[in-house]
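Notes to accompany the following structure.
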Amino acid sequence: MTEPSQPAAPFVPGPGDSVVVYLEPDAGPSGSAGGTGSATGFGDAGGSASGSAGDSGVRLRVDDPRRPAILVTDQGLTRGDGVFETMTAVPTKGSGSGSEASFRVRKEDSHLARLATSAEALEIPLPPAADWRRAAAAGLEAFAAGNPSVNAVVKLVATRGPEGAPGGGHYVRGGAGVGSLTGTYWVLVSPVSEGLTAARERGLKVLLLDRGVDSGLAERAPWLLMGTKSLSYAVNMAALRYAASQGADDVIFTSSDGQLLEGPTSTVLMARRVPQPDGSTGIELVTPLRSSGILPGTSQGTIFAAAQAAGWQLGYGPLEPSDLVDADGVWLVSSVRLVAPVTHLDGAKISQDPELTELLNGFLAEDREPGEHGPWNHDSGPIGRVVG
Ligand code: PLP
């Protein structure tokens, strides 16, 4: 084990390896962690400190994710009690190799805004956005040493932290540790999986699966945390395994009152070409109602902003399965998978429109600010319903 007095050698990943950056609240008496030391409890186990602490007192530690780090009492593990975000980063043009390579994180503002919204819903204290940006940059810099021109997945995770820590255990508003950084926080940078491109090009066979809740429940029952990106994704993953067991690639959840909701890891989009009074053809792009308890997608938001600029008509549901059957194209979109066309719904072929798929991919690639379509807007937006 490295002596605490000797600085650890910086972690250099090999090609295809991932990098983790822990955000560790300052252990000092005036530190914001309340003197708990390393956020993971493994603070002197290795890794390399990267730069000095930010204004919030959060230090970064870059390490090999294969090293043990999370305490077995961490409530992110024991209860799925935490939040996360999955962003992507692309090598910038002309980036060199090693430490000269650089990356651009896509839609970082939207992801950080959504992380803050999720953490607020779970009442998990979060380091400021500036610390997450620093951590992502440090992770990408280390990642670049082994993977100079590889697209990266950048996952941000915040858990409630170990049981029994201030603010941990049975946390209620107003309890000990409120406002201090008592959680466990890290950023994991990994290569994008090659398999995703093939699935995107092939198109997706999708099953409609009942989520068992009505579309008004999210507003009536905020404690269910619907529409937040919490770590409790076991049901979403089970739905994907169920789909695979039926020969399908993916899932669109429906509500008990028959509305379309979302995929387990994606947002649903559908489009129709509509004749206009002047003889031209317009395009309507519609996504399910956000207020029905779905996660507001950052990909959907930026695509909508670009489509709006291109003069498309936009709409936020409510949508039903029959709307997908009548559409000219249906897609599942997400930050990692991008725009994937749906070819089959419950075993039946549906219309595809490769030209629209290309246009949507182009819109996503613009990385526009989402404006009113950002994840901070949980309403349907001012645009209203255009289908129906
Ligand atoms: N809906 C759910 C449930 C998700 O988990 C995700 C992403 O993982 C999305 C939608 C798509 O969100 P984004 O476009 O921000 O990646």
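Laid out as a table, the results:
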{"quantity": "Label point distance in nm, ASP214-SER232, each placed 7 Å from Cα along Cα→Cβ", "calculated": "2.1 nm"}
{"quantity": "Spin-label zone in region 189-221 - amide nitrogen under 20 Å from a point set 7 Å from the Cα of VAL325 along the C-beta vector", "calculated": "204-211"}
{"quantity": "Beta bridges per DSSP with both ends in region 196-373, % antiparallel, nearest 5", "calculated": "60 percent"}
{"quantity": "Cβ-based net charge around ALA327, under 11 Å, with every Lys or Arg adding one and every Asp or Glu removing one", "calculated": "-3"}
{"quantity": "Label point distance in nm, GLN246-VAL72, each placed 7 Å from Cα along Cα→Cβ", "calculated": "3.9 nm"}
{"quantity": "Calculated FRET value between VAL274 and ALA9, using beta carbons and R₀ = 45 Å, to 0.05", "calculated": "0.15"}
{"quantity": "Charge sum, other residues only, whose C-beta stays under 13 Å from VAL213's C-beta, Lys/Arg counted +1 and Asp/Glu -1", "calculated": "-3"}
{"quantity": "Difference of contour (0.36 nm per residue) and Cα-Cα distance, GLU120 to ALA221", "calculated": "34.8 nm"}
{"quantity": "Cα shape, region 253-388, gyration tensor, a/c 1.5 rule", "calculated": "rounded"}
{"quantity": "Using distinct alpha-carbon pairs, which all enter the 1/r mean, Kirkwood radius of region 64-164 in Å", "calculated": "14.8 Å"}
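None of the figures in this text is laboratory data; all of them are computed from the coordinates on show. These numbers were taken from a predicted model, which means no experiment stands behind them. Every residue, glycine as well, gets a Cβ built from its backbone with ideal geometry; the counts of neighbours run over all protein chains shown.
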